[in-house]
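Nothing in this text is a laboratory measurement; each read-out follows from the coordinates by a stated rule. Predicted, not measured: the structure shown is a model, and the values here were computed from it. Here Cβ is always computed from backbone atoms with ideal geometry, including for glycine, and neighbour counts include all displayed protein chains.
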Amino acid sequence: MADNIAIVTWNNSSKAYKALTDLRNGSWDFDVAQAAILERNVNGSIDVKDADNAVIGMGALGGGLLGMLVGVLGGPIGVLLGWSSGALFGSLADADVADDSGSILAAMSRAVLPGMTVLLLEVGETTPEALDKFVAKEGGTVVRRPADDVRAEIAAAQDAAESAAAEARRVIHEQKKQATKDKIEGKWNSLKDEFKKTFS
């Protein structure tokens, strides 16, 4: 059974809530480990509108793969790496045919357009047909990627963000150091000028 992360979208946001209710109350040919309804605001941030961890039997969203993915797609790492900027929002068709060698997270971010409400799933699937059929009955679209690939890219994104933050701290430290040096030199030169005026 393949463990996948799936982003399910519809033209009508209310269908995401209906699908989550159906998942909670039904029996399916796929296993849902985690589920959440997300909405991307026009500023690029992501709000978790509804998450289920008791009914579907998953751990807390914040500590699981979906929680990490939400943090990357809409949080500071996503902003830092450009995933929540307008330039990376494409059409769902573009996300669906995204080159697998490209960024998984960027493809997923493109699937969650500003103002859109989506259903995010961690799902175990023997084949993709069962989830595809579940989504298609309400006119939805699925973008899925292997959970291990998403996990690896999240780890790489975190490493990149930490490296970028360390470099930013280094540059700020150097700038402060130079500013302090310039300030001291300015005071020293001022004192020398005063000394020359006084004793000349």
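For the residue pairs 18/49; 15/133; 176/197, the C-alpha atoms sit more than 24 angstrom apart in 176/197.
Each Lys or Arg adds one and each Asp or Glu subtracts one; over the other residues with Cβ under 12 Å from the Cβ of residue 10, this totals +2. Centroid-to-centroid, using Cα positions, region 109-132 and region 153-178 are 33 Å apart.
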